[in-house]
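Reading through the structure tokens given below for one structure.
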Amino acid sequence: MMDLIFFPWQLFVIFVGLAGVMAFVGLNGLLLVYLDRKIAGFIQRRVGPYEVGPQGILQPVADGLKLLGKQIFTPKGADPALYWLAPMISITPAIVVFIAIPFGPNLQVINTNVGLILILAFTGINVLALCLGGWASQNKYALLGAARDIAQSVAYEIPLLLSVLPIIFLTGTFNLFDIASGQGAWPWQWYILHQPVAFLIFFVCILAETNRSPFDLPEGESELTAGFHTDYSGMAFALFFLAEYSYMVIGSCLIATIFLGGFQGPIASGAWWFLAKVYILLLIMIWIRWTFPRLRFDQLLNICWKWMIPIAVVNLLVTLAVISL
Amino acid sequence: MDLDRRLASSGDFYSQKFQTTEREDTLVLNLGPQHPSTHGVLRILLEIDGEYIVRAEPVLGYIHRMHEKIAEVMTYTQFAPYTGRIDYLHPLAWGWSHIGAVERLMDVQVPERAEYIRVITCELNRISSHLLWWGAYINDLGAFTPFFYAFDDREIISDILQRIIGSRLTFSFYRIGGVATDIDDRFVSETREFCNRMKERLKMYKALVTDNFIFRNRLEGIGEIPFETCRKYGATGPVVRGSGKAYDVRRSEPYSIYDRFDFEIPVYHTCDAMGRYLVRMDEIRESIKIIEQALDALPQGECLNRKAPKRPKPPPNDVYFAVEGGRGKVGAHLVSDGGRSPYRLKLRSPSYSNLSLFSEVAQGTLIADAISILGSLDLVIPEIDR
């Protein structure tokens with residue numbers, strides 16, 4: 001009977017998974033925009049969004065509708081094909097990589113052996129999108145923002161990978177599900193205590209890779225007005241914006257999976273533990289954003305080349321030595 | 001090349017006449033007139049090599065409102081409210097420079113109490129000006145939150161002054177021979193309360209911002225202005241005090257009753273943006289000291305000299321009267337030909353001189369540093385153009 005009707009289960013799972021992931025990204029985007037603004041309001045001693053819906057909960061929806069209604073506009077002198085391609089290149093990997101993240105014991109679209117590599121490789125494509133967007137808009141500020149983004153992302157990829165390697169050596173696998181389930185349920189069994197230095201470097205690199213403050217130089221609004229997305233408006237801008245928040249979520253998911261035990265918790269392990277950890281990390285990112293000033297560009301690169309990479313390498317060597325003993 | 005011709009014919013007079021260096025791999029960037037960090041309609045033409053600035057040239061005149069010419073067709077009294085529009089952050093200093101010049105021209109006596117009220121309100125206004133600069137400067141450096149904290153404190157000053165003066169921004173409070181309204185007990189108690197609060201807040205500001213690692217790295221050693229450069233361009237105020245010279249009009253040519261108070265002139269010898277930042281933070285503390293002393297010694301009596309002329313007609317003469325504003329030396333050179341309105345009024349604005357040295361200092365710095373230098377000069381654009 002099974003041979004009569006050929007049904008591609010694998011493809012079906014991926015499609016359903018992608019639909020679920022898209023809904024997850026969209027909902028997360030809405031929630032994060034609201035949280036970001038509300039927490040900013042709390043830190044800055046004001047109310048934050050308040051008018052649309054109870055406690056302003058519908059504000060992100062209103063913002064999204066406003067952006068949808070904007071005219072689609074290509075600036076004079078821009079390269080239309082590249083200009084419109086850039087936001088799509090930015091958002092696509094941000095959605096796709098969620099299929100490899102283990103949200104819960106039975107909640108993972110595809111359990112692949114190269115999950116970690118897949119995520120790190122796909123998120124690297126975002127650099128290309130920002131570069132194209134900045135280049136194609138024929139705007140000097142956008143060009144400067146794109147140049148900054150390339151230098152920053154490329155530099156911070158290195159310590160990012162170097163800080164993951166010790167975990168790979170410890171676990172011996174690139175499979176995110178195995179990495180998560182390899183840790184125990186209690187906080188002292190998580191890899192954050194085995195590899196605190198790697199955790200710190202990884203967290204800072206995630207901040208830099210997602211262009212979050214204090215590393216938000218590509219869009220440093222007091223220097224470059226809006227950086228690489230100066231000329232973007234409407235849905236194109238919204239896609240860049242959504243992609244930025246998605247990369248934040250991806251980064252937090254990776255940290256939660258690799259360092260914080262993933263979906264495991266002291267009582268009743270499951271997806272809720274994973275989400276709680278992710279949201280705590282996101283709140284810390286938002287808190288940092290509203291507290292610190294922005295670094296200067298040469299300082300940013302100095303931190304990477306003079307501090308992060310040497311420390312990550314030393315950490316890696318020490319880990320290797322301990323493992324081989 | 002078609003593109004070259006198109007680019008050469010684009011832009012306005014200034015961008016076409018902008019003298020770039022001989023190098024071919026540079027980019028001309030128009031910073032302003034609408035840019036988040038120029039805080040107004042200042043425009044700076046930059047020739048950049050990557051992120052490094054090869055040449056910088058400020059373009060002025062976008063908010064030139066002919067205040068000096070307006071003074072020539074107005075009576076001396078009528079011009080007083082205009083002074084508040086020149087520097088909207090420290091309007092009382094500008095008002096004082098004009099009224100003080102008229103008083104000096106006509107030899108009008110000002111009652112004791114009025115002098116004290118002038119000192120108290122002017123120093124409150126200086127604190128509010130420095131607070132706004134503080135918030136805006138840190139906003140330029142990429143931290144948004146301190147801006148709101150600064151406005152929180154500034155709001156109290158605005159409330160205190162609003163009850164007495166009636167406006168919250170472009171104050172016009174000083175009259176020839178005194179001040180417009182007397183202050184009451186509530187003003188005194190509210191001001192004392194504010195002074196106590198502000199001392200605590202300054203500690204918080206230090207912990208939150210001044211001691212911040214990233215913040216210090218963005219300021220220390222950035223935009224070094226040697227004293228010789230300050231002298232060359234006539235820079236005054238916190239800019240010259242951050243370059244190691246204790247020049248303050250309140251001390252060097254004391255006007256009103258400033259010689260009676262015990263206060264320090266903060267000086268830093270580092271010459272960098274951090275020096276100018278710390279000078280302003282210390283000035284807030286010194287202003288609080290002056291206000292507290294003035295409130296303690298506040299005499300009773302009239303707040304306006306009743307014999308002062310309502311429609312002055314001074315004898316032909318010319319006088320110069322300078323006060324210390326939030327940004328430096330605010331001067332009014334008043335020439336009278338014996339008529340009801342001035343023959344000529346020359347306003348000396350400190351921001352104009354302070355901006356002049358920017359193009360020399362910004363050379364060879366990064367764009368981010370140029371923004372930091374620009375912020376540390378504390379420019380108010382309407383004051384530059386007048």
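The values are calculated or read from the model by the stated rules, or taken from the named source; none is laboratory data. This structure is a prediction, so every number in the text was calculated from the model and none was measured. When we count neighbours, we look across all protein chains shown, and the Cβ atoms used for this are built from the backbone with ideal geometry, even at glycine.
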> Does residue B:229 qualify as being hydroxyl-bearing (Ser, Thr, Tyr), surrounded by 23 or more Cβ atoms within 10 Å (Cβ to Cβ), farther than 25 Å from residue A:297 by Cα and in contact (Cβ under 8 Å) with a residue 40 or more places away in the chain?
Replying inline: no
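So which of A:301, A:282, A:217, A:317 ends up being under 24 Å from residue A:176 (Cα atoms), in contact with a helix residue (DSSP H, G or I) (Cβ under 9 Å, 6 or more places away or on another chain) and of a type outside the set (D, E, K, R)? If you could, list the steps in order and put the result at the bottom.
Values: A:301 fails: under 24 Å from residue A:176 (Cα atoms); A:217 fails: under 24 Å from residue A:176 (Cα atoms); A:317 fails: in contact with a helix residue (DSSP H, G or I) (Cβ under 9 Å, 6 or more places away or on another chain).
Exactly one of A:301, A:282, A:217, A:317 is under 24 Å from residue A:176 (Cα atoms), in contact with a helix residue (DSSP H, G or I) (Cβ under 9 Å, 6 or more places away or on another chain) and of a type outside the set (D, E, K, R), namely A:282.
Would you check which residues across the range B:142-177 are assigned to a helix (DSSP H, G or I) and more than 14 Å from chain A (Cβ to nearest Cβ) and list them? Can you show your working first?
Step one: list which residues in the range B:142-177 are assigned to a helix (DSSP H, G or I), which gives B:145-165.
Scanning the range B:142-177 gives B:157, B:158, B:159, B:160, B:161, B:162, B:163, B:164, B:165.
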>> Against the definition (over 15 Å from the mean Cα position of the chain (by Cα), away from chain A (no Cβ under 14 Å) and modelled with pLDDT of 90 or more), how does residue B:118 come out, yes or no?
In response: yes
>> Considering only residues that are β-branched (Val, Ile, Thr), closer than 25 Å to residue A:293 by Cβ and away from chain A (no Cβ under 14 Å), which ones fall in the range B:121-141?
In response: B:127
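Only one of these is more than 20 Å from residue A:26 (Cα to Cα), at pLDDT 85 or above, of a type outside the set (Ser, Thr, Tyr) and out of contact with any helix residue (DSSP H, G or I) (no Cβ under 6 Å at 6 or more places or on another chain): A:161, A:132, A:144. Name it.
Working: A:132 fails: out of contact with any helix residue (DSSP H, G or I) (no Cβ under 6 Å at 6 or more places or on another chain); A:144 fails: out of contact with any helix residue (DSSP H, G or I) (no Cβ under 6 Å at 6 or more places or on another chain).
Of A:161, A:132, A:144, the one residue that is more than 20 Å from residue A:26 (Cα to Cα), at pLDDT 85 or above, of a type outside the set (Ser, Thr, Tyr) and out of contact with any helix residue (DSSP H, G or I) (no Cβ under 6 Å at 6 or more places or on another chain) is A:161.
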>> All but one of (1) over 22 Å from residue A:33 (Cβ atoms); (2) of a type in the set (Ser, Thr, Tyr); (3) touching a residue at least 40 places away in the same chain (Cβ under 8 Å) hold for residue A:74; state the number of the condition that does not hold.
In response: (3)
>> I'd like to check something: does the range B:77-94 contain any residue that is touching a His at 6+ places or on another chain (Cβ under 9 Å) and farther than 30 Å from residue B:147 by Cβ?
In response: yes
> What residue, among those in the range A:127-138 that are surrounded by fewer than 23 Cβ atoms within 10 Å (Cβ to Cβ) and within 14 Å of another protein chain (Cβ to nearest Cβ), is nearest to the chain's Cα centre (by Cα)?
Replying inline: A:135
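Which is crowded, with 21+ Cβ neighbours inside 10 Å, assigned to a helix (DSSP H, G or I) and within 15 Å of the chain's Cα centre (by Cα), of A:202, A:228?
Values: A:228 fails: within 15 Å of the chain's Cα centre (by Cα).
Sole residue among the options that is crowded, with 21+ Cβ neighbours inside 10 Å, assigned to a helix (DSSP H, G or I) and within 15 Å of the chain's Cα centre (by Cα): A:202.
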>> Just checking, does the range B:45-60 include any residue being within 14 Å of another protein chain (Cβ to nearest Cβ), in a loop (DSSP other than H, G, I, E, B) and more than 20 Å from the chain's Cα centre (by Cα)?
In response: yes
>> Please count how many residues of the range B:125-157 are buried (at least 24 other Cβ atoms within 10 Å of the Cβ) and of a type in the set (Lys, Arg).
In response: 1
> Going by the structure shown, is residue B:245 surrounded by fewer than 21 Cβ atoms within 10 Å (Cβ to Cβ) and either over 19 Å from residue B:202 (Cβ atoms) or touching a residue at least 40 places away in the same chain (Cβ under 8 Å) (or both)?
Replying inline: yes
> Are any residues in the range B:249-268 touching a helix residue (DSSP H, G or I) at 6+ places or on another chain (Cβ under 7 Å) and either closer than 24 Å to residue B:202 by Cβ or of a type in the set (Ser, Thr, Tyr) (or both), and if so, which ones?
Replying inline: B:250, B:255, B:256, B:258, B:261, B:262, B:263, B:264, B:265, B:266, B:267, B:268
